[in-house]
Amino acid sequence: MSSSQTSPLQHHELLRISAIYRVAIALVLLGVFFSDIGGGSLGKHSQTLFIYTTAAYASLNIGWLLFLRQKAYQTNSGQVGIILGCDILVFLLLIEASGGLNSGLGYLLLISCSIGAILLDRRLSAFFAAMASLGVITLQLYHLLSGSGSSQEIVSAGGLGLLMFVTVSAIQYLSERIRKANLRADQQSRQAAHLHRLAQQIIERMSTGVLVMGASSKPELINRAAIRLLGTQLTSEAPLTLSFTVKFKPGVTKMEILAFLFKRIITKSCN
């Protein structure tokens, strides 16, 4: 198995939402079937196949959700691919049990392929979209050859397959753009942090004293040379801090503070 199939996925929130969605959709399908809200369109061709398939799908998704919770929603693309393959198989069986695409269950395949386009790489997501499209078309061809379908259903299956590929391609394109943008932002953040540390080291090693005063009349940046000029003692045990506090009387102006500092520096230099 390739490294792309076993590499850990970082879409923890999407994994959690998709796992909850799978459980919810299975329970909704069972509820709609037993309440007859859908007008009997679900499972009209084979009620037994529909019930057993949906119940097995609900059990699988509950187990998948518990597995993800135990693993803190950390998994790999191989496991996600298996779940996506199960989705395609289950929905094809439900479409067959409901008599074809007129039940509207084909759009569930579109949702599953869209989730796969985000979680999986380009090659795998395109593979599953192709499998779903071929499955739907093969199913409708079987109905047509057996006399239980029409040519219009073949057109609907082809349109659904084309919609899957267009949707997956669009999601892949947007996901790639977002990934590259996040990568650039992360690189710029690391570069900015590196330049900040470098600037601090340069200022710290300057023989010229550097002192930066903030708007609150308190020093915000001071290097070793400035600390030596101001008379602050450094010890090897105490970590160096780039700020210090000098207490002044209330109402003192910045000019008075600067005059005090210059006087302190001149006095220290003469001594």
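If you filter region 27-70 down to residues that are outside any helix (DSSP H, G or I) and aliphatic (A, V, I, L, M), you find that the one that is farthest from residue 95 (Cα to Cα) is 37. Taking the numbered list (1) within 20 Å of the chain's Cα centre (by Cα); (2) surrounded by fewer than 20 Cβ atoms within 10 Å (Cβ to Cβ); (3) β-branched (Val, Ile, Thr) in turn, residue 51 passes all entries but (1). Note on region 104-113: residues that are surrounded by fewer than 21 Cβ atoms within 10 Å (Cβ to Cβ) and of a type outside the set (A, V, I, L, M) amount to 2. Scanning region 85-102 for residues that are of a type in the set (S, T, N, Q) and either surrounded by 20 or more Cβ atoms within 10 Å (Cβ to Cβ) or not in a helix (DSSP H, G or I) (or both) gives a single hit, 98. Of the numbered criteria (1) closer than 23 Å to residue 143 by Cβ; (2) small (Gly, Ala, Ser); (3) open to solvent by less than 10 Å² (accessible area, probe 1.4 Å), the one residue 116 fails is (1). Which of the residues that make up region 119-129 are open to solvent by 30 Å² or more (accessible area, probe 1.4 Å) and small (Gly, Ala, Ser)? 126 - this is the single residue of region 119-129 that is open to solvent by 30 Å² or more (accessible area, probe 1.4 Å) and small (Gly, Ala, Ser). Contact annotation: residue pairs with Cβ atoms under 7 Å, 6 or more positions apart or on different chains, pairing a residue in region 56-71 that is within 11 Å of residue 27 (Cβ to Cβ) with a partner that is part of a helix (DSSP H, G or I) and of a type outside the set (Gly, Ala, Ser), are 57/90; 58/23; 58/27; 58/30; 61/22; 61/23; 62/23. Screening 160, 134 for residues that are closer than 24 Å to residue 43 by Cα, open to solvent by 20 Å² or more (accessible area, probe 1.4 Å) and part of a helix (DSSP H, G or I) leaves exactly one candidate, 134.
Pairing each residue of region 156-168 that is aromatic (Phe, Trp, Tyr) with any residue that is crowded, with 17+ Cβ neighbours inside 10 Å and in a helix (DSSP H, G or I), provided the two are 6+ apart or on different chains, yields C-beta distances under 8 Å for 165/126; 165/129; 165/133. Within region 184-209, the residues that satisfy the criterion of being open to solvent by less than 80 Å² (accessible area, probe 1.4 Å) and either within 17 Å of the chain's Cα centre (by Cα) or under 30 Å from residue 108 (Cα atoms) (or both) are 185, 186. Looking only at region 143-150, decide whether some residue is over 20 Å from residue 56 (Cβ atoms), in contact with a helix residue (DSSP H, G or I) (Cβ under 8 Å, 6 or more places away or on another chain) and not in a loop (DSSP other than H, G, I, E, B). Within region 143-150, one or more residues are over 20 Å from residue 56 (Cβ atoms), in contact with a helix residue (DSSP H, G or I) (Cβ under 8 Å, 6 or more places away or on another chain) and not in a loop (DSSP other than H, G, I, E, B). Only one entry of 137, 154, 202 meets the criterion of being modelled with pLDDT of 85 or more, among the hydrophobic types (A, V, I, L, M, F, W, C) and over 19 Å from residue 115 (Cα atoms), and that entry is 137.
For region 70-84, residues that are modelled with pLDDT of 85 or more and either open to solvent by less than 30 Å² (accessible area, probe 1.4 Å) or of a type in the set (Ser, Thr, Tyr) (or both) total 5.
The values are calculated or read from the model by the stated rules, or taken from the named source; none is laboratory data. None of the values given here were measured: they were computed from a predicted structure. Reconstructed Cβ throughout: ideal geometry from the backbone, glycine too, with neighbour counts over all protein chains shown. We work out accessible area using only protein heavy atoms, side chains counted, and drop any ligands, DNA or RNA first. Shrake-Rupley method; radii C 1.70, N 1.55, O 1.52, S 1.80 Å.
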